[in-house]
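To start, the structure itself, in structure tokens.
No lab work stands behind these numbers, since they all come straight from the coordinates. None of these values were measured; they are calculated from a predicted model. Cβ atoms come from the backbone with ideal geometry, glycine included; neighbour counts cover every protein chain shown.
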Amino acid sequence: MVAGAALSGDLTETQWLAELEEIGEEEGYFSPLGDNHAAVFVDRSQSVLFVAFETVTGVRAVSERGLPLGFDVCENRDWSHLTILATRDTWFRDRFVYGYFDRLVDEGFFEDFDHVVFYGAGMCAYAAAAFSVVAPGASVILISPQATLDYAMTEWDTRFPKARRHDFRSRYGYAPFMLEAAADALILYDPDEVEDAMHATLFEAPNVTRLRYRRGRSGAIDGDMRAMGLIGRLAETAVAGGLSRARTCLLYTSDAADD
């Protein structure tokens, strides 16, 4: 059973994915999505579905249990969770990922849940925003998202030169537009990270709340959120009444402030 499960840090990536596949098959399903992505779903209640985008390297580096974030956030809340994993820095721009979400929409998968919450950080925040369109009415929690890396729009962001080869103009492309169907979205970003702040300004809509957050000891906002258990609290806030109230559960963190 998933409860209390952990995956050893000594496993190779292939072994780790194989162990995760076993957990997924026992508790829901595990589905490879081409060569660079996979989906793992754990079926609990139909009250809440927590959808997270992560990289395999990131999960193994930050999780004490060696498991995707959904296991920590959802295990004690009896929530279902779906994790989309990337084995490389793909920004999830892959036809197999598009096809997977197309199938979920066709099957009415997201309609089975009372609440859907999307989460991601950095590259994975871009994907969480972009694919949230498949679940109209979802809440979306984004940590330092990129809006796009299409050169014509963001030539000022020189941090990810290899990512420029991905197509950010086709389906699920421009993340801010994909948030139009969301009930609400929260963006946390560090104003001292100039490119992150510039991307955040592109997410301009009535259903978007932006909060400035100066990162703490972990050196990353996502790391701070995990260490303090705030991701689960933010998800609970979304389910209870909306992310515009998220500042309430962030007040005790050092420098969170309204944008």
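A few notes on this one:
- Model label points for Ala240 and Phe160, set 7 angstrom from Cα along the Cα-to-Cβ axis, are 3.3 nm apart.
- Under 5 Å, built H, 5+ apart or other chain: amide partners of Gly28: Asp43
- For the range 1-97, the antiparallel share of DSSP beta bridges with both residues in that region comes to about 65%.
- Normalised by the number of residues in the range 122-206, the average gap of Cα pairs under 8 Å and 6 or more apart makes the relative contact order 40 percent.
- Backbone amide hydrogens, once placed in the peptide plane, bring Val140 within less than 5 Å of Phe118, Asp184, Ala185, Leu186, excluding anything fewer than 5 places away on its chain.
- Gap separating the Cα centres of the range 75-94 and the range 176-194, nearest whole Å: 18
- Phi to ³J(HN,Hα) by Karplus 6.51 cos²θ - 1.76 cosθ + 1.60 over the range 191-208, Hz, x for Gly, Pro: x, 7, 8, 4, 5, 4, 5, 5, 4, 4, 5, 6, 8, 10, 6, x, 8, 10
- Chymotrypsin sites (Phe, Trp or Tyr not before Pro) restricted to DSSP loop in the range 122-187 with at most 12 other C-beta within 10 Å: Trp156
- Legend: calculated FRET efficiency, Gln46 to Ala181, from the Cβ-Cβ distance at R0 = 25 Å, rounded to 0.05, equals 0.75.
- Restricting the trypsin sites (Lys or Arg not before Pro) of the range 185-237 to loop positions (DSSP other than H, G, I, E, B) with no more than 14 neighbouring Cβ atoms within 10 Å leaves Arg217.
- Expected 222 nm ellipticity per residue - DSSP helices of 4 or more, -39500 (n - 2.57), all of the chain, to 500: -9000 deg cm²/dmol
- Among beta bridges that DSSP assigns inside the chain, antiparallel share in %, nearest 5: 35
- Projecting the Cα atoms of Ile187, Ala127, Leu20 onto the charge dipole of the chain (Cβ charges, centred on the Cα centre) puts Ile187 farthest toward the positive pole.
- Packing, as the average of other Cβ atoms within 10 Å across residues, places the peptides 200-206, 81-87 in the order 81-87, 200-206, highest first.
- Relative contact order of the chain, pairs being alpha-carbon contacts under 8 Å that are 6 or more residues apart, as %: 14
- Take the Cβ atoms of Leu202 and Glu25, set R0 to 30 Å, and the FRET efficiency comes out at 0.15.
- Alpha-carbon gyration tensor eigenvalues x 5, square-rooted, for the range 76-212, Å: 24, 18, 13
- Sparse packing (at most 12 other Cβ atoms within 10 Å of the Cβ) combined with a DSSP loop state is found for the following trypsin sites (Lys or Arg not before Pro) in the range 151-192: Arg159, Arg169.
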